[in-house]
Amino acid sequence: MYSIFISGAAQGIGAAVAKRFYQKGYKVGIYDVNLAQAETVAATLGIRAKAGYLNVADYASWQTALQDFEQWAGEVNILVNNAGILYSGAFEQSDIADHHRTVDVNIKGVMNGCHAALPYLKNAAFARVINLSSASAIYGQADLASYSASKFAVRGLTEGLDIEWQKYGIRVLDVMPLFVQTAMVKDMDAASIKKMGVNLSAEDVAADILKLAECKARAWTPTHRPVGLKSQFLFHLSRLSPQWMNRASNLFIAKK
């Protein structure tokens with residue numbers, strides 16, 4: 001029986017991933033800075049679910065959480081770096097502390113998770129890392145500049161480690177959804193969400209993460225998986241269009 005460790009799993013996409021994998025028979029680790037809510041999610045699932053505390057910005061917290069989960073589950077097979085935050089609005093109108101926190105959670109949190117989990121993943125019979133990137137990592141987004149930059153970092157880290165960790169037999173992949181119906185996008189101040197809409201559910205993203213976890217993921221399997229038709233369209237358009245056209249299309253999306 002394989003196991004999955006999910007950061008930021010107390011709500012939204014993380015909770016949906018936990019439920020989807022539990023239904024498929026996995027041992028599920030639901031780790032979050034909100035321990036009480038994580039425990040509630042685990043209790044609704046059953047005996048193959050374990051909740052724990054995790055502050056992704058704190059490397060020591062990762063070490064404690066992973067050791068705790070590995071002792072309970074037997075091994076760590078799949079790591080899902082899901083925890084993330086989003087601040088929207090004009091760049092200069094957000095406090096610099098908010099921009100820094102975005103880096104701490106969305107970038108350092110993923111780096112911490114990958115680094116701390118590697119010893120466990122190397123010892124597992126089967127291992128994979130799936131990171132939550134975003135369609136915002138296709139082209140920098142106005143009014144979401146720091147969030148977009150953080151997801152570009154996740155994209156770059158995913159690409160680099162997917163190559164680097166081939167020597168260990170570990171694929172490192174990511175999903176790139178557009179806007180998802182979660183608390184994160186509630187009251188979001190960005191023209192792009194009004195024009196593009198919120199058409200994806202947390203369950204849609206969880207379903208694609210399950211597909212990545214269970215596919216054979218050979219060398220030719222794409223590292224990035226855009227989620228939903230709009231994300232797929234934007235991803236492939238960005239690869240085919242000249243830079244000025246990509247900028248023009250994103251300028252149109254950003255106009256209020």
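The values are calculated or read from the model by the stated rules, or taken from the named source; none is laboratory data. Predicted, not measured: the structure shown is a model, and the values here were computed from it. Note: ideal-geometry Cβ built from the backbone for every residue, glycine included; neighbour counts use all protein chains shown.
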Practice prompt. Please go through the stretch 2-37 and pick out each residue that is of a type in the set (D, E, K, R) and closer than 15 Å to ASN55 by Cβ.
Written response: ASP32
Discussion item. Let me spell it out: the conditions are (1) modelled with pLDDT of 95 or more; (2) more than 23 Å from CYS215 (Cβ to Cβ); (3) of a type in the set (Val, Ile, Thr), and VAL76 meets all of them except one. Which number is the exception?
Written reply: (2)
Worksheet item: Does TYR59 satisfy the condition of being under 20 Å from LEU212 (Cβ atoms), modelled with pLDDT of 95 or more and of a type outside the set (Gly, Ala, Ser)?
Response: no
Worksheet item: Is it the case that some residue within the stretch 91-103 is assigned to a loop (DSSP other than H, G, I, E, B) and farther than 19 Å from ILE13 by Cβ?
Response: yes
Fill in: Candidate set from the stretch 113-170 (those that are under 25 Å from THR102 (Cα atoms), assigned to a loop (DSSP other than H, G, I, E, B) and not aliphatic (A, V, I, L, M)); member that is nearest to the chain's Cα centre (by Cα)
SER133
Practice prompt. Output the residue which, of all residues in the stretch 108-148 that are without any contact (Cβ under 8 Å) to a residue 24 or more places away in the chain and within 27 Å of ASP95 (Cβ to Cβ), is surrounded by the fewest Cβ atoms within 10 Å (Cβ to Cβ).
Written response: SER148
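Name the single residue, out of those in the stretch 46-82 being among the small types (Gly, Ala, Ser) and within 19 Å of the chain's Cα centre (by Cα), that is farthest from VAL28 (Cα to Cα). So that I can check it myself, show each step before the final result.
At the first step, the residues of the stretch 46-82 found to be among the small types (Gly, Ala, Ser) are 46, 49, 51-52, 57, 60-61, 65, 73-74.
Checking which are within 19 Å of the chain's Cα centre (by Cα) leaves us with 51-52, 57, 61, 65.
Details: ALA51: 8, GLY52: 11, ALA57: 21, SER61: 18, ALA65: 13 Å.
Step by step, filter the stretch 46-82, then rank; the result is ALA57.
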Item to complete: Looking only at the stretch 95-107, decide whether some residue is closer than 20 Å to ASP32 by Cα, modelled with pLDDT of 95 or more and small (Gly, Ala, Ser).
Response: no
Worksheet, complete the sentence: Going through the stretch 4-50 in order, the residues found to be part of a strand (DSSP E or B) and in contact (Cβ under 8 Å) with a residue 24 or more places away in the chain are ILE4, PHE5, ILE6, SER7, LYS27, VAL28, GLY29, ILE30, TYR31, ASP32, ALA49
